[in-house]
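The block underneath contains the structure these notes are about, expressed in structure tokens.
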Amino acid sequence: MNKKQVAEILDEIGTLLELKGENPFKARAYHNAARTISGLTKEIDVLITSGELATIKGIGEALTEKITELVAAGRLVYYEELKKSLPPGLVEMLGIPGLGPKRIKTLHDRLKISTIDELAAAAKEHRIASLDGFGEKIQLSILEGIEQLKKHAEAFLYPVARMEAEKIIVYLKKIGGIKRIEVAGSLRRKKEIIRDIDILVAARESDAPKIMQAFVNYGEVDTVLAHGETKSSVRLKSGIQADVRIVSEKEFPFALQYFTGSKEHNVAMRSLAKKADIRMNEYGLFRGESKKSILCKSEEEVFEKLKLQYIPPELRENLGEVDAAARRAIPQLVEEDDIRGTLHVHTIYSDGVNTMVQMSAAAQAKGWEYLGIADHSVSAAYAQGLTIDRVKKQWKEIDELNSIFKKFVLLKGSEVDILADGSLDYPDRILESFDYVVVSVHSKFKMTEKDMTARIIKGLKNKYATILGHPTGRLLLSREPYPVNMIDIVNAASDYGKAIEINSHPMRLDLDWRLCRYAKEKHVPIVITPDAHSLEGLDDIAYGVGIARKGWLEKKDVANTKRRKDFVTFLKGFR
DNA sequence: GCCGTTTTCGGCCCGACTGTTTTCAGTCG
């Protein structure tokens, strides 16, 4: 049993305890432990054997014992008993807006409701409205919630949410009275998947009602979920939820910090503030019993007043950033301007839509000094993978272009399939003549984790492999990653001296940011690549940089921040 | 169930909104 599975079970135990109406702090302890474990860089069995597990903050005697049982026996009696005591439909009901553990427990206790279908039936028969604490409106909202759950279960890719947010901001700015407006929440933290848009506005109290009215009247609004003077929520026609909060200009820095989250980060921040006898909320920092906030003009100052180094939004996931800020150990994160060039772009030779000339021009226009072509290898027939003859033709064309370019170079590369047996899709005599080789899996996804991991490691071990491409094969919101042990893969990359890409395509963003810190720890160079199939695709690099930042990566950790000469030398080091 | 320069028990982040109420509970972020 691996870390992820342990974390999932602990999280579920927390939820089950909530549904049972147990001590909420006990439930929280399980949720916290799940989070802590999924953020660990070492594998769980190693931590158990070494005894380190019990020393981790948030994991005490009882949890150590349960986790040990879970890993050793592959099952946990406590969890199985707990699960047996509740119908599975209750957990599902938590996905209905407005229904939390308390109401679900009441529905189950009083009406014997155990599934969403039974819930829908009870609502239609008006049996819910007469329950204590329930009423007509909640009954109706349950029915709507069930509909919504089915219709809007999906989340949204970062660029989709970003675009919707920017449209709202442009619209609201026209209203007047807005002094400041910024995106907060998971969008500001650059999460790969976004469930709602949070927008924060600074305005005079007298202007707030008209701004809120304008927001709920916005043309893209499908349903108004809440409409207050300082907070409103809507569901947009695209299905995504958007929230707007209005605060005073004075409160704005505190509110921006607060609404950027994450929730867990804020809990850590508040408890740190509390130790200094400072209460913090979205309206300010309050010393002791004082009703007057400490004055801060910017979010940076809020951190300063708490004696913390500024924490970039991307890091605010409660994965050690608050402690690091207190030790002034927040890294100087990589920025898009640090990128000097990239690898892994496709052209019309395979499944790209632009020529090498066009791609080169676009790269130079971005100020890049090098661009690595990586069309597909021969087995990728669906993508017009290149035969050896066509590879040679492409090399000739690259040489001709390079003879014209000044201060820019096209690099000869390939995205070579790792075949089912772990061998690479070109013979060594061809592989050795590329400047670099991206190796990736594009077929036979349904293997066991053990076989897939061995396959990828074998591919990576090839003398001529340079970079592992999109390591898990996931397509966010549409295809699950293939089963693969990523810790083993990162270890292998470290052992064999290979690099791993952060594929910047918004559906991939793979290597996952949660693994970047581990790769860094193991000194595995990261290359941020666009996997571009068109000119526009080159711009996706910005998403990859966001993920690198979430993964605590600095300029020195990302190979393609090197200048041209150094980067070419870096690639030669693989040969 | 966890934690402790307030340490073995008692607290564990805090506020807005909604719908149910007539002072509050539940949910959400």
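Readers should treat all values here as calculations from the given coordinates under stated rules, not as data from a laboratory. Fair warning: this is a prediction, and the values are worked out from it, not measured in the lab. All Cβ positions, glycine included, derive from the backbone under ideal geometry; neighbour counts span all protein chains shown.
Points worth noting:
- Counted as membrane-span-like here are DSSP H helices of chain A whose alpha-carbon atoms extend 24 Å or more along the helix's own axis and whose Kyte-Doolittle mean is -0.5 or above; these are A:3-20.
- Size of charge dipole - chain A - debye, nearest 20, with Cβ of Lys, Arg +1 and Asp, Glu -1, no other charges: 1100 debye
- Across all directions, the average projected area of the convex hull around the alpha carbons of chain A is 29.2 nm².
- The separation of region A:118-174 from region A:271-292, counted between C-alpha centres, amounts to 34 Å.
- Each of A:Leu319, A:Leu272 has some number of other Cβ atoms within 10 Å of its Cβ, and from fewest to most they run A:Leu272, A:Leu319.
- Residues whose placed amide H lies under 5 Å from that of A:Asp510, excluding near-sequence neighbours: A:Asn503
- Think of region A:336-572 as a dipole: +1 on every Lys or Arg Cβ, -1 on every Asp or Glu Cβ, centred on the Cα centre; then among A:Ile348, A:Ala365, A:Thr569, A:Thr569 lies furthest on the positive end.
- Region A:264-326: proportion of alpha-carbon pairs further apart than 16 angstrom, %: 41 percent
- Cβ crowding within 10 Å, taken as a proxy for footprinting-reagent exposure, orders A:Met163, A:Met447, A:Met486 from fewest neighbours to most as A:Met163, A:Met447, A:Met486.
- Segment A:Lys444-A:Asp117, extension gain: residue separation times 0.36 nm, minus the distance between their alpha carbons: 114.0 nm
- Rounded to the nearest 20 debye, dipole of region A:336-572 from Cβ charges on Lys, Arg, Asp, Glu: 520 debye
- Solvent-free Debye scattering, log10 I(q)/I(0), computed from the Cα coordinates of region A:336-572 at q = 0.07, 0.08 Å⁻¹: -0.19, -0.25
- Of A:Ala383, A:Met452, A:Ile526, farthest towards positive along the dipole that unit charges on Lys, Arg, Asp, Glu beta carbons give chain A: A:Ile526
- Which listed pairs, of A:Lys26/A:Lys274; A:Lys393/A:Lys572; A:Lys42/A:Lys307, have C-alpha distances above 25 Å, in listed order: A:Lys42/A:Lys307
- With a threshold of 31 Å on the Cα-Cα distance, the over-threshold entries among A:Lys292/A:Lys550; A:Lys392/A:Lys498; A:Lys458/A:Lys550 are A:Lys292/A:Lys550.
- Each Lys and Arg Cβ is given +1 and each Asp and Glu Cβ -1; about its Cα centre, region A:450-575 then shows a dipole of about 560 debye.
- Listed peptides A:434-443, A:303-312 appear in the order A:434-443, A:303-312 once ranked by packing, highest mean of other Cβ atoms within 10 Å at the front.
- Couplings for region A:201-206, taken from phi via the Karplus curve 6.51 cos²θ - 1.76 cosθ + 1.60 with θ = phi - 60°, read 10, 9, 7, 5, 4, 5 Hz in order; Gly and Pro are left as x.
- Label zone at A:Ala542 (point 7 Å along Cα-to-Cβ), backbone N below 17 Å, region A:549-571: A:549-550
- Residues of region A:119-160 with amide N under 19 Å of the 7 Å Cα→Cβ point at A:Glu92: A:119-125, A:142-155
- Built amide H within the under 5 Å cut-off of A:Leu386, gap 5+: A:His376, A:Ser377, A:Val378
- Sites A:Asn217 and A:Lys250, calculated FRET efficiency, Cβ-Cβ separation with R0 30 Å, nearest 0.05: 0.60
- Computed Kirkwood radius, in angstrom, where 1/r is averaged over Cα pairs of region A:481-575: 13.7 Å
- In straight-distance terms, cross-link reach from A:Lys57 covers every one of the aspartates and glutamates whose alpha-carbon lies under 14 Å from its own, apart from those fewer than eight places away in the same chain; here that gives A:Asp323.
- Taken over region A:156-249, lysine pairs spaced eight or more positions apart, or on distinct chains, with alpha carbons under 26 Å apart number 23.
- Simple label model, 7 Å out from Cα along Cβ direction - A:His227 to A:Leu477, nm: 2.8 nm
- Candidate cross-link partners of A:Lys446 among the aspartates and glutamates, defined by an alpha-carbon separation under 15 Å and a same-chain spacing of 8 or more, comprise A:Asp421, A:Glu480.
- When each of the peptides A:51-57, A:515-521 is scored by the mean number of other C-beta atoms lying within 10 Å of its residues, the order from highest to lowest reads A:515-521, A:51-57.
- Relative contact order, percent, region A:180-261 [alpha-carbon distance under 8 Å, six or more residues apart]: 35 percent
- Taking amide hydrogens as placed 1.01 Å from N in the peptide plane, the amide H of A:Arg474 sits under 5 Å from those of A:Tyr482, each at least 5 positions away in sequence or on another chain.
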